[in-house]
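Read the structure below first, then the notes.
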Amino acid sequence: MIAHSVVPFTFLREARMPRREFVPHRLSVAALVVILCFPFSSLVMADEKRSPLVLELDHVSICGPDLDALRQAFSDAGMTPDFGGPHGNGVTQMALIGFDDQSYIELIAPVKPGVTEGSDWAKFMTGEAGTCAWAVGTNVLLQDVDRLKKAGVAVNEPKRGSRKRPDGMSLEWMTAQIGPGTPGSTLPFIIEDQTPRAWRVQTSESVKGAPAYGVESVIVGVNNLDSAIALFRKAYGWAEPLTENQKDFGKLAYFPGEPVILAAPSSGGWLADRLGRFGESPVAYLLGTRDFATAAKKYKLNNTKTWFGQKVAWFDPVKLKGARVGVIGP
């Protein structure tokens, strides 16, 4: 494993592919050459057998027992969510914060207080886990599922999902769970829209032109860093990650150009406690910014550190109902 952290995070992020037609600021000349020369889906590039997969972060989820309380907490933090309506399962409802790059934070809670049976994230809602799942987008879900299966990764059969917006419009999609645990716990689940994605997410008024432009990274808490690295490399064909230690999170592993950082506790602490309660799952989200100082001031961030050459600071998790959300940038 490579233990090296001197390459700036911003340079690494230039390797990311764009979120559909969005996020041109993330492209380097090399990435543009790839786009012009090779058609791609969100997960599939060029040679289906050997080339690495490139993840296109779609959204991240925060679970709780009370949607109104979650919405108020994020509104107080300067990011007012839009009510999204109930899911087709009849159990959960959601609100979302849609960013300029079209990624979004989804807030999930039961429609009826305390009634969570039938939801994949029941234990996260009742346990007030906060961060609970992440998803990557695709336009060719069945091809992505087939490729992952050929790589020896367990993938559940795709299933349909839906949501009815407050204006009565029905949205539909297909998802596929990858790997163990609940959907989007360790490996992200895959989502493909059956109705236009623009119906599912628009930039929320409270964050239009804001210093935080989108969800940049998901921090996934894992029990064993080496095992988790091996799982991600098996699933996506990635090279060895960069690693470094952070006192509050333990040992971190970052795959250059990808929207995920793995975190394993070095000893006890909050991360070890969370893993004991909820198992491996997202434990924090980082929003991207081009102006860290402005973001830190606007959102009253604290506990500034340096992760992989970039500044990271955090919202107060107590004020966000336990959810750990930060900002990363130059």
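Amide H to amide H, with H built 1.01 Å from N, His87 comes under 5 Å of Thr92, Gln93, Met94, counting only residues 5 or more places away or on other chains.
Highest average first, the peptides 72-78, 279-285 ordered by how many other beta carbon atoms sit within 10 Å of their residues are 279-285, 72-78. Phi angles of the stretch 228-239 translate, via the Karplus equation with coefficients 6.51, -1.76, 1.60 and θ = phi - 60°, into HN-Hα couplings of 5, 4, 4, 5, 5, 5, 5, 5, 10, x, 7, 6 Hz per residue; Gly and Pro are given as x. Annotation: amide H-H contacts under 5 Å for Val220 (H modelled 1.01 Å from N, sequence separation of 5 or more, or interchain): Ile261, Leu262, Ala263, Val283. Spacing of the modelled spin labels on Lys234 and Ala293, each 7 Å from Cα toward Cβ, amounts to 4.8 nm.
Give a quick list of trypsin sites (Lys or Arg not before Pro) in the stretch 174-254 that DSSP marks as loop, anything other than H, G, I, E or B, with at most 15 other Cβ atoms within 10 Å. Display every interim value, and only then the final one.
Numbers: sites: Arg197, Arg200, Lys208, Arg233, Lys234, Lys247, Lys251; in loops: Lys208, Lys247.
Counting only loop positions with at most 15 other Cβ atoms within 10 Å, the trypsin sites (Lys or Arg not before Pro) in the stretch 174-254 are Lys208, Lys247.
The DSSP beta bridges internal to the stretch 45-137 are antiparallel in roughly 75% of cases. Which entries in Lys149/Lys234; Lys251/Lys311; Lys300/Lys321; Lys247/Lys311; Lys123/Lys247; Lys164/Lys321 show an alpha-carbon gap greater than 19 Å? Among Lys149/Lys234; Lys251/Lys311; Lys300/Lys321; Lys247/Lys311; Lys123/Lys247; Lys164/Lys321, the Cα-Cα distance tops 19 Å for Lys123/Lys247; Lys164/Lys321. Local charge for Pro317 was computed over the other residues whose Cβ lies under 14 Å away, with Lys and Arg +1 and Asp and Glu -1, and equals 0. Computed 3J(HN,Hα) for the stretch 68-76, one whole-Hz value per residue from the Karplus formula 6.51 cos²θ - 1.76 cosθ + 1.60 where θ = phi - 60°, is 4, 5, 5, 4, 5, 4, 6, 5, 5, glycine and proline marked x. Karplus-derived 3J(HN,Hα) values for the stretch 165-171, using 6.51 cos²θ - 1.76 cosθ + 1.60 with θ = phi - 60°, are 6, x, 7, x, 6, 9, 10 Hz; glycine and proline are entered as x. Proximity of backbone amide H atoms, modeled 1.01 Å from N, is registered between Gly257 and Arg13 at under 5 Å, excluding neighbours fewer than 5 places apart on the same chain.
Each value in this text was obtained by applying a stated rule to the coordinates, not by laboratory testing. The model shown is predicted, which means the values in this text are computed figures rather than measured ones. Note that we place each Cβ from the backbone using ideal geometry, even for glycine, and neighbour counts take in every protein chain shown.
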